[in-house]
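A quick write-up on the structure given underneath.
The values are calculated or read from the model by the stated rules, or taken from the named source; none is laboratory data. Remember, it's a predicted structure, so these values are computed and weren't measured experimentally. When we count neighbours, we look across all protein chains shown, and the Cβ atoms used for this are built from the backbone with ideal geometry, even at glycine. All accessible areas refer to the heavy atoms of the entire protein, side chains included, with ligands and DNA or RNA removed. Shrake-Rupley method; radii C 1.70, N 1.55, O 1.52, S 1.80 Å.
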Amino acid sequence: MIFTYLLMLAGLVPMILFLFALIEHRHYRILLRCLCICLVIWLFVYGIATMVNFHYWSAHEMPFFPAWGEINIMFFLMVAIFAIIFAIVIVTSLPIRVSIGEWFTQYGKVLVAMGTFCLTILIIFIFIMPAGQKYAYSLVLDKGHRQLAQVVPATDDPVSVVLVTSEQNCFSRSSSSSCRDSYYENLVMAKNNHSQGLWVQMEIGFFNSRNEVMDVMQYGPVYFAAGETKPILPEYEADQTSVWNRWTNHTKRQTTDIQYRYAWQ
């Protein structure tokens, strides 16, 4: 996730530079010059993110944009924040009798700053975060493929199942209280070792380091083509979230082992 955080920080640089220029300077020529510099940085950062997104779209068939439902939530959140700030500005300026030009001179910077902030956060969510998350998620999938390739299947055991990862999505688990309170994201992957397609129904138990059962998941029936490898995902994950945000389940403690049983036909 470090790559994701670095991209997000780089995406904030143009906004920060422009806001500082907006606070310190009033002359439009200076602001225009700062805006041009910010646009160059913006094109560079978002150009990199666009290339990364295009790579995972063409090479791994990951959608270019997040799920539409996630975009809608973030869009309405940013609109709501801007609307609240705009309403506060209007209410606080009502007792002051000034012309429209003077009003924009006094409060225009606040609205421009908030508009810039909301637009930047929205674009980061649409372009920057997916680029980093796709990179991190592809590493997890590659790890799962390597683990399954090392499994030697038995003759009467056509399906191999492995726990690929159980990690918290945070920057520093040792020092961040938010990390201590966050859930672990678990990803389980399965492979059909048969030379023909199978319908598989599965039950998976998730165990912590104390060998305690934290969760039991029912999966399927799901069709696996011959030799196919796929993540084990609940229906709500596959329907409502972006490809790179899909996990088998979430547990309060780290999953150290899984036990499973399945039926096939």
Worksheet item: So which pairs qualify, if the first residue must be in region 49-66 and farther than 13 Å from GLY132 by Cα, the second must be open to solvent by 90 Å² or more (accessible area, probe 1.4 Å) and in a helix (DSSP H, G or I), the Cβ gap must be under 7 Å, and the two must be at least 6 apart or on different chains?
Response: PRO63/TRP57
Practice prompt. Might you let me know whether region 169-184 holds any residue that is open to solvent by less than 10 Å² (accessible area, probe 1.4 Å), under 25 Å from ASP142 (Cβ atoms) and at pLDDT 95 or above?
Written response: no
Worksheet entry | Meets criteria (at pLDDT 90 or above and in contact with a Lys or Arg (Cβ under 7 Å, 6 or more places away or on another chain)) for SER160 | yes
Discussion item. Please go through region 61-79 and give me each residue that is open to solvent by less than 90 Å² (accessible area, probe 1.4 Å) and over 16 Å from the mean Cα position of the chain (by Cα), ordered by number.
Written reply: LEU77, MET78, VAL79
Discussion item. Condition first: among the polar types (S, T, N, Q) and surrounded by fewer than 22 Cβ atoms within 10 Å (Cβ to Cβ). Now tell me which residues in region 124-159 satisfy that.
Written reply: SER138, GLN147, GLN150, THR155
Item to complete: Determine whether region 144-165 contains at least one residue that is part of a helix (DSSP H, G or I) and closer than 19 Å to HIS250 by Cβ.
Response: yes
